[in-house]
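A short write-up of the structure that comes next.
The values are calculated or read from the model by the stated rules, or taken from the named source; none is laboratory data. These numbers were taken from a predicted model, which means no experiment stands behind them. Methodologically, a virtual Cβ is constructed for each residue, glycine included, from the backbone with ideal geometry; neighbour enumeration extends over all protein chains shown. To get the accessible areas, we keep the full protein, side chains included, count just its heavy atoms, and leave off ligands, DNA and RNA. Shrake-Rupley method; radii C 1.70, N 1.55, O 1.52, S 1.80 Å.
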Amino acid sequence: MSDTLVLCDFDGTITLQDTNHTIMNRYAGEAWIPVNLAWRRFEVSTETRVRQQYSLVRAPLDELVALVAREVGIDPGFPAFVEFCQTRAWGVHIVSDGFDRYIQRVLAKYDLGHLPFTSNKIFSRDGQIDFRFLQQDPCCPCGMCGNCKRFVVRQLRPPGGRIVFVGDGLSDRGAAEAADLVFAKGRLSDYCDREGIPFIEYKNFEDVQRELRARLLVL
Ligand SMILES: [Mg+2]
Ligand SMILES: [Zn+2]
């Protein structure tokens with residue numbers, strides 16, 4: 001029986017590059033940036049941001065997936081971290097406000113395709129790219145999420161167990177508020193500081209592994 005589930009954000013946490021920024025930088029000039037900044041100020045939702053940004057992209061989805069496969073790499077300590085968790089029977093689950101096709105492709109590149117994830121969906125229909133934002137939680141105070149990570153934390157928490165969350169960005173704030181132990185860097189650690197949410201600062205998964213070993217007193 002496993003009483004610990006480790007939830008990891010994908011972009012910027014597991015990956016070294018942000019998939020969305022990689023795509024937009026390549027296909028959308030600089031016009032994608034203002035709506036990104038508005039999203040960071042919590043003025044527009046993930047769905048609004050995504051639809052505006054992709055309206056600037058003139059390329060088939062397969063080409064975007066191929067670009068991501070070429071240019072997005074992962075934290076070199078992540079595969080060892082997954083093993084560390086698996087040998088302790090802790091689940092590892094990825095939770096992303098990005099898209100399934102990119103996550104699948106990057107994980108497959110590193111033989112991590114077995115990891116479960118929860119994300120929004122991107123697909124092509126009649127040559128047009130479209131999206132599904134699956135987990136919008138009507139109770140979520142964020143009100144801006146495509147895939148609400150607070151909702152995922154609530155859904156996946158093992159009965160009587162704990163959720164460890166590892167993240168780096170503003171779409172992680174709901175998860176950071178709901179999880180039992182939080183690892184944060186980047187904009188997420190600024191947010192946690194501001195809001196008084198307890199967290200452990202980290203740079204990479206080697207840090208997370210070391211801290212979990214020390215704090216949870218596991219070998
Ligand atoms: Mg992130
Ligand atoms: Zn939310």
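Test S119 against the stated conditions and say whether it is within 16 Å of ligand 2 (Cβ to nearest atom), of a type in the set (G, A, S), under 15 Å from S96 (Cβ atoms) and open to solvent by 20 Å² or more (accessible area, probe 1.4 Å).
On the way: within 16 Å of ligand 2 (Cβ to nearest atom): yes; of a type in the set (G, A, S): yes; under 15 Å from S96 (Cβ atoms): yes; open to solvent by 20 Å² or more (accessible area, probe 1.4 Å): no.
The answer is no for S119.
The set of residues in region 1-32 that are more than 15 Å from ligand 1 (Cβ to nearest atom), more than 16 Å from R49 (Cβ to Cβ) and either among the aromatic types (F, W, Y) or touching a strand residue (DSSP E or B) at 6+ places or on another chain (Cβ under 7 Å) (or both) comprises S2, D3, T4, L5, V6.
For region 10-27, taking the residues that are in a loop (DSSP other than H, G, I, E, B) and open to solvent by 10 Å² or more (accessible area, probe 1.4 Å), the one that is nearest to ligand 2 (Cβ to nearest atom) is identified as D11. Looking only at region 85-110, residues that are open to solvent by 10 Å² or more (accessible area, probe 1.4 Å) and assigned to a helix (DSSP H, G or I) come to 8 in all.
Quick one: which of G174, G167, G113, G186 is open to solvent by less than 10 Å² (accessible area, probe 1.4 Å), modelled with pLDDT of 95 or more and either out of contact with any helix residue (DSSP H, G or I) (no Cβ under 7 Å at 6 or more places or on another chain) or not hydroxyl-bearing (S, T, Y) (or both)? After applying the criteria, what remains is G167.
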